[in-house]
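First comes the structure, then the notes that go with it.
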Amino acid sequence: MAPKQMTSEKHEFKAEIKQLLDILVHSLYTSREIFLRELISNASDALDKLRFESTKGTDILDKELPLEIKINFDEKKKLLTISDTGIGMTKEELINNIGTIAKSGSAEFLKQLKDNKSDVNNIIGKFGVGFYSVFMVAEEVVIKTKSFKKDSPEVEWKSDGLGNYEIEEINNDLKRGTIIEIHLKEDAKDFAEKYRLESTIKRHSNFISFPIYLENEKINTISALWREPKNKITKEEYTEFYKFLSYDSEEPMDTIHVTVDAPIQFSALLFVPKKNFDLFGFNREDYGLDLYVRRVLIQHKNKDLLPEYLSFVKGVVDSEDLPLNISRETLQENVIFTKIANSITNQVLSYLLKKAKDEPEKYAEFWKEHGRVFKLGYSDFTNMEKYSQLLRFNSSTSSNADQLTGLEDYVSRLIDGQKEIYYAFGNSRDAIALDPHLEIFKRKGIEVIYLYDPIDEFVVTSIRKFKDFDFKSVDSTELNKLEQLKDVSEKENKFQSLDNDDEKQFDSLLAKIKAILGDRVTEVKESKRLSDSPACVVSAEEGMSASMQKILRLTNKDISVQKKVFEINKDHKLIRNLLKIFKSNSNDEYIGNVAEELYESALLLEGSLNDPYKLVKRMNQMLEQSSEWYTEVKKL
């Protein structure tokens, strides 16, 4: 016998509902699957409300029913059914909740909806209208519901979303809760396919706290681990969740589980991978944390929760205080969101600081994989103190190119009277070791930080100082600051001191070299910093270092070669021989060739020689001449 039907009432949607439905049906969306997230969220909310009533001791209808969400589909009929055993609705509640937009803000919602059509899936639900997203895929929707309140009648609501809806009391022996039947449009029939439904549920609603069954198969099998007490989670469970989240085959290097209750409430489960996923820099934009609000995914790979230099971190953040379905635009301006982001950044940096202090060898492994990305934080002035403490470099005191030191350790090894942190840039440790500017630092026993990566110089010039010590490039260091420091090794002098006449001749030689080089150099003078090299060029103390000039030129910046001081080591055999030639004939062609060769070789060594062809040609000519002299001496 068919169930007895009650009288059906036909209602017309209010004007704002008609506007809303028209926009939903006729606008383009980045993803129509958002309707499923909304309906599941509503079902979860109904179950939460019932659980709350139960804890209050309220007399509830059908107490034996499990709290769950069921989804069934029929491909042939293009029918999708979503049901829950939640709090259900009375006729009045159904009219209030479904027949009208939320009681306030409807005009504002419609305004935002019209202004943000390209981003509708991120503002649906913000004003309590998430249900209406179903009409993006439905040609008709039927709701059957029964309230948890005893003696409440069953109610049915039906609409094609074109302006009217029907509502009536029915007698179908429904259990407590709500059933939504969605008759799909032809172009949305794929939502009656298992794969499409399962992938959508796992993407948006996988961590709903109530079980979700798709054709009696539980879909949300991974629990919201970040919500669980830390002391009850095993390492294996963390690893399983990380692999599920990242698709990584290895376990994570580090796990950071954060739960904050005040002043804002949120949980975060973060992981540092063992390997850098972006070895070649092709996927720099593929990062971000998944943002949830009460276990519902709001945004996949949100890039604003952590700064870019921490983009290697994988994980999820779940907030109780953010509004559900908050839009991207509002997220960026939301004070709560900003506090959460700042707190998470602080948590990650604090964790890394503790790791660096307690497990320096493991931190070195972290730096090897993720240090290059981490260096991008040189402009994070808010967290500069922690950032600086986490930086690692190779240095002149390291036993090999792989050994690292932090700035804290560098400062602890400062020699008496040292007021600056010195650094040198080069392609390798061996290349830096040949830098003539380092000779005085070796003699004084001063440690020098070695920079190999172009970004390193941006780092040290941006942070400018560590504690009370400024960073200074070895090629722009003021000599008198170094001369005041005590030598730890004697400068080996293979030559006798010049007599007064030779000193005058040497001064004249310097003047000759200055005349040869012209305005390419600001000055030619005797070097006090060199021990083993015949000459070097020195940048002005406040000028840009040679390596920084080179980097900027490589990035097509219009940086001309800065004029520098050319220093000559009078206690070098080549210079002593040049002095003899000068005394014999101050206009000898050889003097000009050597001056040019020394100057261009110094520029080449520091990476600022723009045209090496003249140098090579001159060098070949000089080798040819020297070979003739050699054969004459050897009488070959």
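Rundown of residues vs (1) outside any helix (DSSP H, G or I); (2) closer than 23 Å to Glu478 by Cα; (3) at pLDDT 85 or above, yes/no style:
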residue	(1), (2), (3)
Lys550	no, yes, no
Asp558	yes, no, no
Leu578	no, no, yes
Lys583	no, no, yes
Asn593	no, no, yes
Leu603	no, yes, yes
Lys617	no, no, yes
Met622	no, no, yes
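Please verify whether the stretch 312-330 includes one or more residues that are crowded, with 20+ Cβ neighbours inside 10 Å and part of a helix (DSSP H, G or I). Within the stretch 312-330, none of the residues are crowded, with 20+ Cβ neighbours inside 10 Å and part of a helix (DSSP H, G or I). The requirement of being in contact with an Asp or Glu (Cβ under 9 Å, 6 or more places away or on another chain) and either assigned by TED's automatic domain parsing to the domain that holds Gln299 or of a type outside the set (Lys, Arg) (or both) is satisfied by Asn171. Is it the case that Lys243 is surrounded by 15 or more Cβ atoms within 10 Å (Cβ to Cβ), basic (Lys, Arg) and free of Cβ contacts under 8 Å to residues at least 24 places away in the same chain? Spelling it out, Lys243 is indeed surrounded by 15 or more Cβ atoms within 10 Å (Cβ to Cβ), basic (Lys, Arg) and free of Cβ contacts under 8 Å to residues at least 24 places away in the same chain. Could you list all residues from the stretch 420-452 that are within 21 Å of Arg464 (Cβ to Cβ), of a type outside the set (A, V, I, L, M) and not in a loop (DSSP other than H, G, I, E, B)? Across the stretch 420-452, the qualifying residues are Glu420, Tyr422, Tyr423, Phe425, His437, Phe441, Tyr450. Can Glu250 be described as charged (D, E, K, R), more than 21 Å from Val296 (Cα to Cα) and outside the structural domain of Ala341 (by TED's automatic domain parsing)? Criteria not met by Glu250. Kindly provide the set of residues from the stretch 253-266 that are in contact (Cβ under 8 Å) with a residue 24 or more places away in the chain and within 18 Å of the chain's Cα centre (by Cα), ordered by number. Scanning the stretch 253-266 gives Met253, Asp254, Ile256. Taken together, Ile264, Ile298 contain a single residue that is assigned to a loop (DSSP other than H, G, I, E, B) and within 30 Å of Leu39 (Cα to Cα), which is Ile264.
Being touching a residue at least 12 places away in the same chain (Cβ under 8 Å), under 23 Å from Leu605 (Cα atoms) and β-branched (Val, Ile, Thr), is that true of even one residue in the stretch 471-490? Yes: the stretch 471-490 contains one or more residues that are touching a residue at least 12 places away in the same chain (Cβ under 8 Å), under 23 Å from Leu605 (Cα atoms) and β-branched (Val, Ile, Thr).
If the condition is being more than 15 Å from Ile95 (Cα to Cα) and either part of a strand (DSSP E or B) or touching a helix residue (DSSP H, G or I) at 6+ places or on another chain (Cβ under 6 Å) (or both), then the stretch 149-177 contributes Ile170, Gly177. Residues in the stretch 448-471 that are crowded, with 19+ Cβ neighbours inside 10 Å, touching a strand residue (DSSP E or B) at 6+ places or on another chain (Cβ under 8 Å) and not aromatic (Phe, Trp, Tyr): Val448, Ile449, Leu451, Asp456, Glu457, Val460, Ile463.
Restricting attention to the stretch 61-83, does a residue exist that is within 17 Å of Asp22 (Cβ to Cβ), aliphatic (A, V, I, L, M) and either assigned by TED's automatic domain parsing to the domain that holds Ile212 or modelled with pLDDT under 80 (or both)? There is no residue in the stretch 61-83 that is within 17 Å of Asp22 (Cβ to Cβ), aliphatic (A, V, I, L, M) and either assigned by TED's automatic domain parsing to the domain that holds Ile212 or modelled with pLDDT under 80 (or both). Counting only residues that are within 20 Å of Lys185 (Cα to Cα) and of a type outside the set (Lys, Arg), the stretch 136-164 holds 15 of them.
Of these, Gly417, Gly371, Gly377, which one is outside any helix (DSSP H, G or I) and either touching a Leu at 6+ places or on another chain (Cβ under 6 Å) or outside the structural domain of Pro307 (by TED's automatic domain parsing) (or both)?
Of Gly417, Gly371, Gly377, the one residue that is outside any helix (DSSP H, G or I) and either touching a Leu at 6+ places or on another chain (Cβ under 6 Å) or outside the structural domain of Pro307 (by TED's automatic domain parsing) (or both) is Gly417.
Taking every residue in the stretch 301-318 that is among the aromatic types (Phe, Trp, Tyr) and pairing it with any residue that is part of a loop (DSSP other than H, G, I, E, B), at least 6 positions away or on another chain, the pairs with Cβ-Cβ distances below 9 Å are Tyr309/Asp380; Phe312/Pro273; Phe312/Asn276; Phe312/Phe277; Phe312/Asp278; Phe312/Tyr287.
The values are calculated or read from the model by the stated rules, or taken from the named source; none is laboratory data. Here the structure is a predicted model, which means the values were calculated and not measured. Every residue, glycine among them, receives a Cβ derived from its backbone with ideal geometry; neighbour counts consider all protein chains shown.
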